[in-house]
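Reviewing the structure listed below.
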Amino acid sequence: MRILEVKDYETLSEEAAKIIAAQITLKPNCVLGLATGTSPIGTYDKLVEWCAEGKLDFSEVTTVNLDEYKGLDHEHNQSYWYFMHKYLFDRVNIRKDAVHVPDGFNPNEEEACKAYDEVIKSVGGIDLQLLGIGPDGHIGFNEPDDCFHLNTHCVDLTESTITANSRLFNSIDEVPTKAYTMGIGTIMSAKRILLIANGENKKEILKQAIYGKVTPSIPASILQMHADVTIITDQKISD
Ligand code: F6R
């Protein structure tokens, strides 16, 4: 595990974008696993900037996103489909048929999850997976649990996640209570993993995930078992 402690969010975003850009340069037809949330916005801004300057080409890239709220359609401004188009897909030269997000509007949980696993399989697996980390240690929407879930599944969001995400909705009652998420098994199958964590509120959970025991009650702790993980944080976690 490689841990980069950087001075601020701007540097974190630039370093993360460099790793993603390097992946695209080395393998133009790579598969990127992507995340939503506030953490990657600066990273996506950098990628957009470099693409506009002609330094980066997304024309052969394929993406699979980690998760999507159950019950929100593409047009909903808090759906992850909407987020990804707003912050990245509509601003770079990626093919619109090369981007994949779980189908949050499919009410049939089993069908939606199976279909998404088929998509991930059909694109040949993930070369580089970008992750954020939740205040409770979740990755994707893999919430603290008593086991690690392998494949795409439907989760009941925890109070902590609903509260954390309510800042983006008009009221807490509007926050969906369920989501479809890529499983831990799929995340761990990615060839490389890049986790970004900024802000004081991520410091303690990040320390526990990296230096504590590997447990499904802190889903991100599983990353200790992956052979190629880079963590970039603007917090001092090594003291
Ligand atoms: C989002 C996702 C989540 C977020 C996490 C951190 O696709 O997978 O695990 O990465 O909730 O969110 P932010 O970045 O908003 O703190």
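Annotations for the structure displayed:
- Helix-only CD estimate at 222 nm, as mean residue ellipticity for the chain, using -39500 (n - 2.57) per DSSP H run (n ≥ 4): -9500 deg cm²/dmol
- Calculated log₁₀ intensity ratio I(q)/I(0) where the Debye formula runs over C-alpha points of the chain, q = 0.07, 0.09, 0.10 Å⁻¹: -0.20, -0.34, -0.42
- For the chain, a Gaussian network of Cα nodes joined below 10 Å ranks CYS51, CYS154, CYS30 by mean-square fluctuation, and the top entry is CYS51.
- In order along the range 67-82, the Karplus-derived 3J(HN,Hα) couplings, from 6.51 cos²θ - 1.76 cosθ + 1.60 at θ = phi - 60°, round to 7, 7, 5, 7, x, 9, 8, 4, 7, 5, 6, 10, 6, 6, 4, 4 Hz, and Gly and Pro are given as x.
- Comparing mean-square fluctuations of THR63, THR163, THR186 from a GNM of the chain with C-alpha springs under 10 Å, the top value falls on THR163.
- The Rg/Rh ratio of the range 1-120, with Rg taken over Cα atoms and Rh as the Kirkwood radius over Cα pairs, comes to 0.99.
- Cross-link pairs exceeding 20 Å in C-alpha to C-alpha distance, out of LYS27/LYS55; LYS114/LYS178; LYS27/LYS191; LYS178/LYS202; LYS202/LYS236; LYS7/LYS203, comprise LYS178/LYS202.
- DSSP finds beta bridges in the chain, and of those with both partners inside it, around 30 percent are antiparallel.
- Neighbour net charge for ALA21 - beta-carbon separation under 9 angstrom, K R +1, D E -1: +3
- Residues ASP234, ASP67 in ascending order of nearby Cβ atoms (within 10 Å, fewest first): ASP234, ASP67.
- Using θ = phi - 60° and Karplus 6.51 cos²θ - 1.76 cosθ + 1.60, couplings along the range 118-123 (whole Hz; Gly, Pro as x): 5, 4, 4, 5, 5, 8
- By the rule of a C-alpha distance below 17 Å, with chain neighbours fewer than 8 residues away ignored, the aspartates and glutamates paired with LYS18 are GLU5, ASP8, GLU10, ASP45, GLU49, GLU53, ASP57, ASP127, ASP228, ASP234.
- Evaluating 6.51 cos²θ - 1.76 cosθ + 1.60 at θ = phi - 60° for every residue in the range 225-237, the Karplus couplings come out as 8, 8, 7, 9, 10, 10, 10, 10, 9, 9, 10, 8, 10 Hz, glycine and proline recorded as x.
Just so you know, all these numbers are worked out from the coordinates, no wet-lab data involved. None of these values were measured; they are calculated from a predicted model. Heads up, the Cβs are rebuilt from the backbone with ideal geometry, glycines too, and the neighbour counts pull from every protein chain shown.
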